[in-house]
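Novice: A single structure is presented below for examination.
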Amino acid sequence: MNTDIHALQLLERDLEAVATRERERLASVERAHDGGGPGAPRRPSRGGRGGAHAWGGVAAALVAVLVLAGGIGFLSQGGLGSNDGPAQRASVGDAAGRDAGGSAEVPGAQASMAPAPNSGPADERSTLESADSAGSRASLDFQAVQDGAQYSNWGVAQGAEQASGSGVGAVPTQQGDLTKIIRDGRIGIVIADGSFSKGVSRVTQIARQNGGFVLESSSRDERSGALALRIPANRFDDAMLALRGLAGELQGEVELQDISGQDVTAEFIDLGARLEILQDRRDLLRSIQADATSSGEILRLAALIDDVTLQIETIQGRLKFLRDQVAEATIRVEVRERDVQPEDPGPDAENPSLADSLGLAVQGFLRIVGAIVIGLGYLIPLAVIALLVWGVVMLVRRRDHGAS
Amino acid sequence: MVEERTDSELLIASRTEPEAFTEIYRRHAEDLLRYFARRTLDPETAAELTAETFAEAFASRANYRDQGVNGVAWLYGIARHRLGRFFRSGRVEAAARRKLGMPERDLAPQDYERIEDLIDFAPIREALVAALDTLNDEQRDALRLRVIDGLGYAEVAEHLKCTEQNARQRVSRGLRKIALLLQEQGMQLTTEVEA
C-alpha cells in the first residue's frame, strides 16, 4: 500500500497473514464437508458449518441448557436432599445399630474408651468419661437396644465446660478456638410411653438453662415430635450432654446423635484480609478524589468508591452472618415415645438392596428431572428477556448502519 | 492488477475469499488512521484503534449485509463504536486482535511525527492551551514544546533532557489525556465530515 507509516505497513502484513490463515481454514472445512467429492460445489453456509455440525451444535447447546437448568434447580433446592453438614462430623450411639459406638465422640468432653461388661466387640460399645475442673463427676448410663445384643455404656461428665476434646472421629475438637466453627447437633431420644409432654418441657428447659431458646417445634399426636434449639456455641456441649441425660431421666435411650462442625476460620481470615485491602483502596480513592481537578475525574472516582463501598458492605454482611452462626449452634432434637414407630428412614443408601437401589435410582432421577424443571423455570423468563434485549440491540444496530 | 470491485462487493467476497479484505484495508487504512488521530490527538491510540477496527471488521465481515449501506460506512460504523468505547473507558481494547492472533505492536519512533502530521491542531489550539494545566509538569512541558512551539522531537528531547522516545511518550500521553478531557466537556475535536 502507498503509505510511509510503518505501523500501517505492519498492520497490512498482519491482516494478510490473518487472511491467509482464514483461507486455509475455510479450505480445510470445505474439504471436510465435501468428503473427497470434488466438483460438487456446495452452497457456503454461514460460519462454514454444515448440517451435521449444526445439529451437533444444537444438541450440545441443549445439553448445556439442561445441565445449567439442573444446576440452578439443584442450587435452588439447596442440594438434593442431604441435610448433612459439609465439614467435619461424627456419629454417636445409634440404637438402630448402624453406628453403635463405632466412632464415638462428644466434642468438648474429655473422653476415654474403656471396655464395658456384657461386651461385644470393643468398637460396639464405649464408655466416655470426662471430668470437670472441680473433679466432680456425674454419670449418665443408657442402654442402646439392638437385637438384644449390642450394648453401650456412657459415663459422661456434665458441666465439663472447657474440657478439651479427644477420641475417635473427626469432629472439631479444637476447643481452643470454637469461635470460628459453626456447630450443629442432632439427637434422637426414645422415652417411656406417656412422657412426651414432660420430655418436650424438659428439652425447652434445657435450652433455657443453657442460655438458648426453642427456635421451632412440631409434634404428632402428642407422642412424638421434633424441636430445633439455638444454643450459645460455648454451651453446645453442655446442652448435648443434658439432652443425653434426659433420655435416662425419662427411662429412655438415645437412638441417634449426630454432631457436625463447619470450620469457617479460613473464610474469616480471607474475608478479613479482603476487607482490609478494600478499606485501604477506598481511602486511597478518596484521597485521589480530594486532589482531582476535573468534574469528570471526580465523578469517575465517585463511581469507583461506590463500587468498593458496596464490596466492603457485602463482606461485612457475610462476616456478621458468620459471626452469628458461630456464636449460636443449632441442635435438632427428635423425641418419641417408645411404642411410636419412627418415621420410615427410607432405604439404607449405604447398603441398599436391589429393590432399594432401583427405588433410589428412580428417586434420584425424579429429583434431577425436578431440578431441571425448576431450573428451566428460572431460565425461561431470563431467556425471553435476553431475546428481547438482543432484538432491540439488533434493531438499533441495523438502524445505525442504515443511518450511516 | 487494479481491483475494480466496490467496497461492498469486496466485503461480501471476503467471506469466502478472505484476501479480498486486504484491499479494503489498502483503500481506507490511512483515512481511518487520520479519523482516529484527529479525534484522539494521540498517535499511539490512533494506531491501536485502527488495528482493532480492522481486526473487528475482518472478524465480523460475515455480518455485513449489502442493504444499500456503503461498505466504507459500515467500516466507519465499527470505528465510531470503537472510538466511543475508548472515550468511555480511556483505553483501547484488543479483543478482536487477540481473537485473530494478531500482535499488539508498539509504534515506531518515526511514526509519531508522521501521524501527528495527520492531526489538525489549528481548530483546537485554544482549548489545548487551556487544558495544559490538567497535565503533570513533564507532559505539559513536552506538549507545549511540541504542539504549541512546533519543535521536532529531537529538540523537545534536548530541552527536556530526556530521550526522544521518552519525549514522544510524554506528548502522546498528554494528548490522550487532553482528548479524553475535551471529549468529556463535549468539545468536537474535528470539523471534518464523517464518512
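Novice: Test of understanding: among A:380, A:372, A:385, which residue is assigned to a helix (DSSP H, G or I), away from every other protein chain (no Cβ under 14 Å) and touching a Gly at 6+ places or on another chain (Cβ under 7 Å)?
Specialist: Details: A:380 fails: touching a Gly at 6+ places or on another chain (Cβ under 7 Å); A:385 fails: touching a Gly at 6+ places or on another chain (Cβ under 7 Å).
Within the list A:380, A:372, A:385, the selection yields A:372.
Novice: What about residue B:15, is it buried (at least 18 other Cβ atoms within 10 Å of the Cβ), within 10 Å of chain A (Cβ to nearest Cβ) and outside any helix (DSSP H, G or I)?
Specialist: Values: buried (at least 18 other Cβ atoms within 10 Å of the Cβ): yes; within 10 Å of chain A (Cβ to nearest Cβ): yes; outside any helix (DSSP H, G or I): yes.
So residue B:15 passes the test.
Novice: So which strands (runs of 3 or more DSSP E) are wholly in region A:197-297 and hold at least 1 residues that are surrounded by fewer than 14 Cβ atoms within 10 Å (Cβ to Cβ)? Working first, answer last.
Specialist: Numbers: elements: A:213-220, A:224-232, A:253-263.
Per the criteria, A:213-220.
Novice: Would you confirm, using the coordinates I've provided, whether residue B:32 is more than 10 Å from chain A (Cβ to nearest Cβ), surrounded by 21 or more Cβ atoms within 10 Å (Cβ to Cβ) and not in a loop (DSSP other than H, G, I, E, B)? First the steps, then the outcome.
Specialist: Working: more than 10 Å from chain A (Cβ to nearest Cβ): no; surrounded by 21 or more Cβ atoms within 10 Å (Cβ to Cβ): yes; not in a loop (DSSP other than H, G, I, E, B): yes.
Spelling it out, it is not the case that residue B:32 is more than 10 Å from chain A (Cβ to nearest Cβ), surrounded by 21 or more Cβ atoms within 10 Å (Cβ to Cβ) and not in a loop (DSSP other than H, G, I, E, B).
Novice: Right, residue B:57: more than 7 Å from every other protein chain (Cβ to nearest Cβ) and either in a helix (DSSP H, G or I) or hydroxyl-bearing (Ser, Thr, Tyr) (or both) or not? Explain how you work it out, then say what you get.
Specialist: On the way: more than 7 Å from every other protein chain (Cβ to nearest Cβ): yes; either in a helix (DSSP H, G or I) or hydroxyl-bearing (Ser, Thr, Tyr) (or both): yes.
Yes, satisfied.
Novice: While we're here: Collect the residues in region B:58-99 that are more than 16 Å from residue A:397 (Cβ to Cβ), charged (D, E, K, R) and surrounded by 15 or more Cβ atoms within 10 Å (Cβ to Cβ), keeping them in residue-number order.
Specialist: B:93, B:97
Yes/no matrix, rows are residues, columns are (1) in contact with a strand residue (DSSP E or B) (Cβ under 6 Å, 6 or more places away or on another chain); (2) in contact (Cβ under 8 Å) with a residue 24 or more places away in the chain; (3) under 14 Å from residue B:47 (Cα atoms); (4) away from chain A (no Cβ under 14 Å):
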| position | (1), (2), (3), (4) |
| --- | --- |
| B:101 | no, no, no, no |
| B:109 | no, yes, yes, no |
| B:112 | no, yes, yes, no |
| B:117 | no, no, yes, no |
| B:126 | no, no, no, yes |
| B:130 | no, no, no, no |
| B:136 | no, no, no, no |
| B:157 | no, no, no, yes |
| B:164 | no, yes, no, yes |
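Novice: With (1) in contact with a helix residue (DSSP H, G or I) (Cβ under 6 Å, 6 or more places away or on another chain); (2) farther than 28 Å from residue B:12 by Cβ; (3) not in a helix (DSSP H, G or I) as the list, and residue B:87 as the residue in question, which single condition is left unmet?
Specialist: The one condition residue B:87 does not meet is (3).
Novice: Out of all the residues in region A:308-335, which are without any contact (Cβ under 8 Å) to a residue 40 or more places away in the chain, more than 23 Å from the chain's Cα centre (by Cα) and surrounded by 14 or more Cβ atoms within 10 Å (Cβ to Cβ)?
Specialist: Of everything in region A:308-335, those that are without any contact (Cβ under 8 Å) to a residue 40 or more places away in the chain, more than 23 Å from the chain's Cα centre (by Cα) and surrounded by 14 or more Cβ atoms within 10 Å (Cβ to Cβ) turn out to be A:308, A:309, A:312.
FYI, it's all coordinate maths here, none of it is from the lab. On a predicted model such as this, the values are computed, not experimentally measured, just so you know. We place every Cβ from the backbone using ideal geometry, glycine too, and count neighbours over all the protein chains shown.
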